[in-house]
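The values are calculated or read from the model by the stated rules, or taken from the named source; none is laboratory data. Everything numeric here is computed off the predicted structure, so don't read it as measured data. Positions of Cβ are backbone-derived with ideal geometry, glycine not excepted, and every protein chain shown enters the neighbour counts. Heads up: the accessible areas ignore ligands, DNA and RNA and are worked out on the full protein's heavy atoms, side chains in. Shrake-Rupley method; radii C 1.70, N 1.55, O 1.52, S 1.80 Å.
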Amino acid sequence: MFHWITQALGRAPAPLPDVPPETWARVEARLPFLDFLPVQDRPALRDIACRFIASKQFHGAHEMVLDDDMLLEIALQACLPVLKLGLDWYDGWVGVVIYPGDFLVPRQTVDDAGVVHEYAEPLMGEAWSGGPVVLSWQPDAQAADGINVVIHEFAHKLDMRNGEPDGLPPLHEGMSVQRWAQVWSSAYEGFCAEVDAGVDTGIDPYAAESPAEFFAVMSECFFEIPDLVQDTWPGLYGELALFYRQDPAPRARALFPPTPQAPR
Ligand SMILES: [Zn+2]
């Protein structure tokens, strides 16, 4: 274990980690969708990942022991969305809590009769406004399949920068809130109708939960299966490309040609 990880555990700020190239290669091999980045962007992603590790506090829950590879893997995924935005988009909070697998969150609902029901909801991740990001550790290598709990929760963090998560993060100069709202609401309505009709969209149906979840799930998909997003919702892909200032679809298409023999 490197010196820097012991400092990253529960204390901040730690010095920037000095990561050997073979460690980067080993960790990045578990994240095939990083290949959708232009090759020249990889050093910048590594750099922002190191600064992320140095600026956040990492806690293993339930005696989960975090090792260097895990921190790097989480940091690379967390930083992919802000690679072209800047790490200050994650300012205002410091904690990243990692559970060994899904975790249970106590919930309460009140039914129509006013009766309070308490239950435990199993979650893979949760982002708290002004507080930590909670993640479950997924030990299997990530596939480029549109499911990415780290990108999902950090997309919520971006969405929370202008208040409660609602699927509308702060947009950049030159982007139109009106256009964003129009593109997203029409895609969301269409998606919900397909989910209600039992259509297999290839996208996690949890996205139909709310506009905020739709944005988080579509952010996962934008980085993992960008070609599918662009083919299905070209306008929404365009808005995501403007927001994240990235365009992963062409490289995804080149790496995963759309033939029946090339399952994702
Ligand atoms: Zn969510």
Hits in the range 166-180 - residues which are of a type outside the set (Gly, Ala, Ser) and either away from the ligand (no atom under 16 Å from the Cβ) or open to solvent by 40 Å² or more (accessible area, probe 1.4 Å) (or both): 166, 168, 170, 171, 172, 173, 175, 177, 178, 179, 180
Identify the single condition in (1) over 30 Å from residue 28 (Cβ atoms); (2) touching a Gly at 6+ places or on another chain (Cβ under 9 Å) that residue 150 does not satisfy, given that it satisfies every other one. (1)
Just one of 183, 217 is among the β-branched types (Val, Ile, Thr) and away from the ligand (no atom under 16 Å from the Cβ); which is it? 183
Hey, could you check the range 112-127 for residues that are modelled with pLDDT of 85 or more and surrounded by 10 or more Cβ atoms within 10 Å (Cβ to Cβ) and say which is farthest from the ligand (Cβ to nearest atom)? 119
Looking only at residues that are under 16 Å from residue 167 (Cβ atoms) and open to solvent by 30 Å² or more (accessible area, probe 1.4 Å) in the range 196-207, which one is farthest from the ligand (Cβ to nearest atom)? 204
